[in-house]
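Comments concern the structure below.
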Amino acid sequence: MTDAGVLHVKGRVLAGPDDVRDELWVVDGRISYDRPVRPGLDVTTVDGWALPGLVDAHCHVGLDTHGPVPAETAEKQALTDRDAGTLLLRDAGSPSDTRWVDDREDLPRIIRAGRHIARTRRYIRNYAHEIEPEDLVAYVAQEARRGDGWVKLVGDWIDRGTGDLGACWPRDAVEAAIGEAHRLGARVTAHCFAEDSLRDLVEAGIDCIEHATGLTDDLIPLFAERGVAIVPTLVNIATFPDLAAGGEQKFPRWSAHMRRLYDRRYDTVRSAYDAGIPVYVGTDAGGSLAHGLVAGEVAELVRAGIPPVEAVSATAWGARKWLGRPGLEEGAPADLVVYGADPRADVGVLGSPRRIVLRGRVVG
Ligand SMILES: [Zn+2]
């Protein structure tokens, strides 16, 4: 497709879970449902099932196992996400400055949460600002200004004193910090594996919980009532048994706890979904996990018992709406993915996109 050309997507355009159209046009990088009338247009046609560009709502660009990475590595990460059809990433914390990605027409769009904010020595080395509760409000304000409408806290982590997972912040500190973020127009999310940090965070007004493996029957109604979303990252939770085995000798209580959370992970997600808690797709790529795993995460949500069309929505229509970004509406930027079959019928097709269109250009 050339700059002057037009892309014609035909077959089944899935503009919403129940909003199926026969075709759309990409004109000047934007979606149109009207056939353009300019004479002599160079038209490229793509056939198949179109979805809005997929969302990975928990992804880290510019980060790997050891901390920040050079720009060339961050670029490869972003390209891998793009080639998996993920065209909108919510970056759930990165120590790298990835603003340059915004100027690259060929890379996915990123919604940043600034850098992780953790308690001193209570997170992976080189990832976070490691601070004490008295500084939490100031750091949250700083990252709210640096990010794109989100701030990321580390809500719990192993406490070497007790040898188990434990909440990182006192209630009054998170209340003040979440209040400050909201005052600055940012939403707040937190990494939480265990049970004990969740009530304080939700009652303090948090907007989302990452992983949320510690959700229990008494907490689920509270999340549902407050509309607090979860991003289960099941492809990451799959690594818990290995983590538990690695820490067994030094921290047996922590290992046993991680195994329990792992064992009930599908029930936890299913109960949350059944109670009406919004669930979104996130892979946690970039920490220790590879990028481009979005199809695997959708399949995991289906395995947990979420209906396929809802699991697709959690990376497509629903996720985009939650993040305040358009889908396949008239006039929206043309970020879309075309598949050879209906992903609502078999989410497995998400693993092999036929065509990827970013900012109106075919990029894959
Ligand atoms: Zn993460």
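The values are calculated or read from the model by the stated rules, or taken from the named source; none is laboratory data. Fair warning: this is a prediction, and the values are worked out from it, not measured in the lab. Positions of Cβ are backbone-derived with ideal geometry, glycine not excepted, and every protein chain shown enters the neighbour counts. Surface accessibility is based on the protein's heavy atoms, side chains included, excluding ligands, DNA and RNA. Shrake-Rupley method; radii C 1.70, N 1.55, O 1.52, S 1.80 Å.
Things to note:
- Residue in segment 247-263 that is charged (D, E, K, R) and under 29 Å from D148 (Cβ atoms) present: no
- Some residue of segment 245-252 being modelled with pLDDT of 95 or more and touching a Pro at 6+ places or on another chain (Cβ under 7 Å): no
- Among the residues of segment 333-352, those identified as crowded, with 21+ Cβ neighbours inside 10 Å and within 19 Å of I31 (Cα to Cα) are A334, D335, L336, V337, V338, Y339.
- Residue that is nearest to I206 (Cα to Cα) [pool: residues in segment 246-269 that are basic (K, R) and part of a helix (DSSP H, G or I)]: R265
- Screening segment 68-77 for residues that are free of Cβ contacts under 8 Å to residues at least 60 places away in the same chain and closer than 14 Å to R109 by Cα and picking the one that is least open to solvent (accessible area, probe 1.4 Å) gives A74.
- Assessment of segment 33-53 against the conditions (among the aromatic types (F, W, Y) and in contact (Cβ under 8 Å) with a residue 60 or more places away in the chain) yields at least one matching residue.
- Residue list for segment 84-99, restricted to those being in contact (Cβ under 8 Å) with a residue 60 or more places away in the chain, away from the ligand (no atom under 16 Å from the Cβ) and assigned to a loop (DSSP other than H, G, I, E, B): A84, G85
- Of the helices (runs of 4 or more DSSP H) entirely within segment 162-245, those holding at least 2 residues that are within 16 Å of the ligand (Cβ to nearest atom) occupy 234-237.
- Matching helices (runs of 4 or more DSSP H) fully within segment 270-322 where at least 1 residues are closer than 14 Å to T213 by Cα and either modelled with pLDDT of 95 or more or open to solvent by 20 Å² or more (accessible area, probe 1.4 Å) (or both): 294-304
- Scanning segment 52-78 for residues that are within 14 Å of the ligand (Cβ to nearest atom) and small (G, A, S) returns A57, G62, G67.
- Of all residues making up segment 100-114, the number that are away from the ligand (no atom under 16 Å from the Cβ) and closer than 15 Å to T80 by Cβ: 5
- Evaluated against (1) out of contact with any His (no Cβ under 6 Å at 6 or more places or on another chain); (2) part of a helix (DSSP H, G or I); (3) surrounded by 16 or more Cβ atoms within 10 Å (Cβ to Cβ); (4) not aromatic (F, W, Y), D81 falls short on exactly one condition, (1).
- Single match in G11, G67 (criterion: modelled with pLDDT of 95 or more and at positive phi): G11
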